[in-house]
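As structure tokens, the structure follows; a few thoughts come after it.
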Amino acid sequence: MKQKLQKISQKLPKKLPKISRADLAKIHARHVHYAVASVTAFFLIVSSGAAWYYHDRALPGVHVANLKVSGKTRDEVKQAVMHQRDTMKVHFVDHGADKTTPAKDLGVTVNVEKTTDQVMLAGRNGGFWRAIQFWQHDDVPLLTTTDIGVFKDYVTKQFPALVKDAKDAELAYNDQAKQFEIKAGQVGQGFDVKKFEELLPGLVNKPQTVNLAVSSAPVQPLITDKSLEATKAQINERVALSLKFIYQGKVMYTVDPPDIAKWVNFTAEPQAGKVAIVYDKAKISQFLSQQVGPAIAQPAIDRKVIKDPNTGSEIVIQQGQVGRKLQDVDGLAKEIEQSLTKNQSLQKEVTITEAPYKTVALTSYDKWVEVDLSEQRTTLYTGNTPIQSFTISSGTSASPTVVGTFTVWSKNVSQTMTGGSRASGDFYYLPNVTWVTYFYQDYSFHTAYWHNNFGHPMSHGCVNMRAADAKVLYDFAPIGTKVVVHQ
């Protein structure tokens, strides 16, 4: 072995060649280049693979409402969004009567599709390099809208003792003072909504079950007494306007303030905290046709024919008579409406035109009651013979009396009647209404002690009568009596 080593050493050069610094630098640079190229190639291969993998998935580090969804497909992200939506719950704490409710039932709506879209787009604005930055963190919130009205409705139903509606101030006409007055509003009570609104951001950003103590807070009216002062002054100027109708140079009808007041409606504008004045053109037209017209000209009288059901023969019980009426009622109504809007008095010369009569065909019964809405008259019949007739007040255009053939189905000597709505301003409470004869659902003949304007539509649909007249009809018409109502 020793001899072999000696032979090898003899063959080696006696002196190694000298390598310069420049050569060493070249060798080092070559090795570094190879290393960088290798790392870069590896990095590009890995990055390309990651980019391909995530092109239809949520990027690394992406969360939705604090829930990690990295690498999930769109369908999987959508499921995650719905899971976070369903995780949002409110636990109401009410002295032991606790209740847990999903936020979606309290008016909190999550836009699942748009939230999913935002998750899939998260980080992609950074292009290729963001897609491979695994250490980045993007938390996409749930995109929500909240309907506080739904929340209030829920609380009202679940905790009714907490809720007392606030009453808005309103304008009501005083017949004695002949002007509108303000009825004061009343503070109500409701759930303390602010507490719910304060917890919403945290609930949306980190879905969970949150506790909410049930407590009340005062609820102020949307329409206050002060906000109605200007409207009151404005409408009282209108009801005091002079509106006169002239025929052949003579003033035939002067409108009274209570007449104008009946044409007025107030439309609430809660957001602005006020009410708007609206004039009911239909009521103005009805007033012209039923009050102004008859005061100037004789209305037509219908021809009435009764058909005997046994023989088929017809008997004329009332001859028709051509009348006269106001011309262009709609045009007159429009002028009145414009005068009121502009706060201008009106003296209007009117014209009269012929009013043809119509024929009303009736069927007689052994005992029956006729209601003629056009003449505002009720007549009692035995067979073909009229027994007695009364002037009445039927329903207005806003709440008309039903038309058709009906049957008396119930009778009360006296009762309390209530109906309408406080919100719309037509609420009524009428105790001790006498001689009530029902002929269809809640439509009836009855005494009307609160007005003496018979001959003109005044009611909510019933047939108003003077007390003595209502008593005669009550005694005349037992249950089963036919009632025929026509225009």
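Where a number appears in this text, it was derived from the coordinates with a stated rule and is not lab data. Predicted, not measured: the structure shown is a model, and the values here were computed from it. In this analysis, Cβ positions are derived from the backbone assuming ideal geometry, glycine residues included, and neighbour counts consider all displayed protein chains.
For the range 56-221, which semi-axes, largest first and in whole Å, follow from the square roots of 5 times the eigenvalues of its Cα gyration tensor? Numbers along the way, then the final one.
Working: eigenvalues 429, 71, 26 Å².
Square roots of five times the eigenvalues give 46, 19, 11 Å.
Check which residues have an amide H placed less than 5 Å from Asp139's amide H, if you skip close sequence neighbours.
Residues meeting the amide H criterion: His63.
Tell me, Trp450, Trp368 in order of fewest to most beta-carbon neighbours within 10 Å? Present the calculation step by step, with values, prior to reporting the outcome.
Numbers: Trp450 10, Trp368 23.
Lowest to highest Cβ neighbour count: Trp450, Trp368.
Per residue of the range 456-461, in order, report the coupling 6.51 cos²θ - 1.76 cosθ + 1.60 (Karplus, θ = phi - 60°) as ³J(HN,Hα) in whole Hz, putting x for Gly and Pro.
For the range 456-461, the Karplus curve yields 9, x, 9, 9, 8, x Hz.
Given Cβ point charges of +1 (Lys, Arg) and -1 (Asp, Glu) and nothing else, what value in debye, to the nearest 20, does the dipole of the range 56-221 about its Cα centre take?
Values: 21 positive and 21 negative charges, 97 e Å.
So the magnitude is around 460 debye.
For the chain, take every pair of Cα atoms, bin their distances at 10 Å starting from 0, and report each bin as a whole percent.
Bins of 10 Å from zero give 3, 12, 14, 14, 12, 10, 9, 8, 5, 3, 2, 2, 2, 2, 1, 1, 0 percent of pairs.
Nearest 5 percent is fine: what portion of the DSSP beta bridges confined to the chain is antiparallel? If you can, show how the numbers build up before the last one.
Values: 68 of 94 bridges.
Of all bridge pairs located within the chain, approximately 70 percent are antiparallel.
Exposure proxy check: Val219, Val316 ranked by fewest other beta carbons within 10 Å? Show your work: numbers first, answer last.
On the way: Val219 18, Val316 11.
Lowest to highest Cβ neighbour count: Val316, Val219.
So what are the ³J(HN,Hα) numbers for the range 199-205, from phi and the Karplus equation (6.51, -1.76, 1.60; θ = phi - 60°), rounded to whole Hz, Gly and Pro as x?
Once rounded to whole Hz, the list reads 8, 4, x, x, 5, 6, 6.
For a quick check: with amide H placed at 1.01 Å from N, whose amide H comes under 5 Å from Arg377's, ignoring anything fewer than 5 positions away on the same chain?
The list, which skips near neighbours in sequence, is Asp372, Ile392.
Just from its helices, what would the mean residue ellipticity at 222 nm be for the chain, if runs of 4 or more DSSP H residues each count -39500 (n - 2.57) and the sum is divided by every residue, rounded to the nearest 500 deg cm²/dmol?
Values: 13 runs with 149 residues, N = 487.
Rounded to the nearest 500, the figure is -9500 deg cm²/dmol.
State the Cα centre-to-centre distance between the range 356-414 and the range 457-471 in whole Å.
When both Cα centres are located, 12 Å separates them.
Which of rounded, prolate, oblate describes the range 364-487, given a ≥ b ≥ c as roots of the alpha-carbon gyration tensor eigenvalues and a/c under 1.5 marking rounded, otherwise prolate only if a/b is larger than b/c? All intermediate terms of the calculation are to be shown ahead of the outcome.
Details: a/c = 1.74, a/b = 1.52, b/c = 1.14.
Verdict is prolate for the range 364-487.
Counting other C-beta atoms within 10 Å, which of Lys99, Lys411 has the fewest, and how do the rest follow? Don't skip to the answer; put the middle values down first.
Working: Lys99 12, Lys411 16.
Fewest-to-most Cβ neighbours within 10 Å comes out as Lys99, Lys411.
At a Cα cut-off below 21 Å, give the lysines reachable from Lys482, other chains included and same-chain residues fewer than 8 away excluded.
Lys304, Lys307, Lys367, Lys411, Lys471
In the chain, if the dipole is taken from +1 on Lys/Arg beta carbons and -1 on Asp/Glu beta carbons about the Cα centre, which of Leu473, Tyr365, Thr73 is farthest to the positive end?
Thr73
For the range 77-125 and the range 182-247, write down the distance between their C-alpha centroids in whole Å.
30 Å
Once you keep just the Cα pairs under 8 angstrom separated by 6 or more residues, what percentage relative contact order results for the chain?
Details: 891 pairs, mean separation 43.7, N = 487.
Worked out over the chain, it gives 9 percent.
Below 8 Å between Cα atoms, with a sequence gap of 6+, how large is the relative contact order for the range 148-227 in percent?
Working: 110 pairs, mean separation 28.0, N = 80.
Relative contact order comes out at 35 percent.
Given charges of +1 on the Cβ of Lys and Arg and -1 on the Cβ of Asp and Glu, with all other atoms neutral, how large is the dipole of the chain about its Cα centre, in debye to the nearest 20?
Numbers: 56 positive and 46 negative charges, 976 e Å.
Computed about the Cα centre, the dipole is about 4680 debye.
Can you classify the range 185-339 as rounded, prolate or oblate using the Cα gyration tensor, where a ≥ b ≥ c are the square roots of its eigenvalues, rounded means a/c under 1.5, and otherwise it's prolate if a/b beats b/c and oblate if not? Write down the numbers at each step before the final one.
Working: a/c = 4.52, a/b = 2.03, b/c = 2.22.
Judged from the Cα gyration tensor, the range 185-339 comes out oblate (a/c at least 1.5, b/c at or above a/b).
When the Karplus curve 6.51 cos²θ - 1.76 cosθ + 1.60 is applied with θ = phi - 60°, which whole-Hz ³J(HN,Hα) does each residue of the range 359-374 get, with x for Gly and Pro?
The phi angles translate into 9, 10, 9, 10, 10, 7, 10, 4, 8, 7, 10, 9, 10, 9, 6, 5 Hz.
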